[in-house]
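*Asks:* Let me give you the structure first, and then I'll get to my questions.
The values are calculated or read from the model by the stated rules, or taken from the named source; none is laboratory data. The shown structure was predicted, so the numbers you read here are calculated from the model rather than taken from an experiment. Here the Cβ positions follow ideal geometry from the backbone for every residue, glycine too, while neighbour counts run over all protein chains shown. SASA here: full protein model, heavy atoms, side chains in, ligands and nucleic acids out. Shrake-Rupley method; radii C 1.70, N 1.55, O 1.52, S 1.80 Å.
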Amino acid sequence: MGNYRIVKIMGGLGNQMFIYAFSLALKNKKKDHILYDISSFKLDKLRNYELDLFNLKLEFATQAQIKKVGLKKLSWAN
């Protein structure tokens, strides 16, 4: 796999939809492969991952990929 970015999905359904839409725009602008991190839902007692309601074909990052990339803040300019 060439360049890829990991996008962390979190929050309620509205936030998840916004993050997904942002990831599509990022993919179109940067031409990078997008992987999704939904690991935050393991600890979130109030929210669940809900984008599966839309039958999206998402590719999820492995823990090894997440660890390799680490935590980076992303701005539109990056």
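*Asks:* Only one residue in LEU46, LEU58 is in a loop (DSSP other than H, G, I, E, B) and either modelled with pLDDT under 95 or touching a strand residue (DSSP E or B) at 6+ places or on another chain (Cβ under 9 Å) (or both). Which one?
*Replies:* Going through LEU46, LEU58 in turn, the sole match is LEU58.
*Asks:* So, in region 17-49, exactly how many residues are more than 13 Å from the chain's Cα centre (by Cα) and more than 15 Å from ILE6 (Cβ to Cβ)?
*Replies:* Adding up the residues that qualify gives 10.
*Asks:* Of everything in region 1-20, what is within 18 Å of GLY70 (Cβ to Cβ) and either β-branched (Val, Ile, Thr) or in contact with a His (Cβ under 9 Å, 6 or more places away or on another chain) (or both)? Give them in sequence order.
*Replies:* MET1, ASN3, TYR4, ARG5, ILE6, VAL7, ILE9
*Asks:* For region 15-43, which residues satisfy the criterion of being in a loop (DSSP other than H, G, I, E, B) and either open to solvent by less than 30 Å² (accessible area, probe 1.4 Å) or in contact with a Gly (Cβ under 7 Å, 6 or more places away or on another chain) (or both)?
*Replies:* ASP32
*Asks:* Could you please give the count of residues in region 21-57 that are in contact with a helix residue (DSSP H, G or I) (Cβ under 9 Å, 6 or more places away or on another chain) and more than 21 Å from VAL69 (Cβ to Cβ)? So that I can check it myself, show each step before the final result.
*Replies:* Step one: filter region 21-57 for residues in contact with a helix residue (DSSP H, G or I) (Cβ under 9 Å, 6 or more places away or on another chain), giving 32-39, 47-51, 53-54, 56.
Pick out the ones that are also more than 21 Å from VAL69 (Cβ to Cβ) and you get 47-48, 50, 53-54, 56.
Count: 6.
*Asks:* Looking at LEU51, is it at pLDDT 95 or above and open to solvent by 50 Å² or more (accessible area, probe 1.4 Å)?
*Replies:* In short, no.
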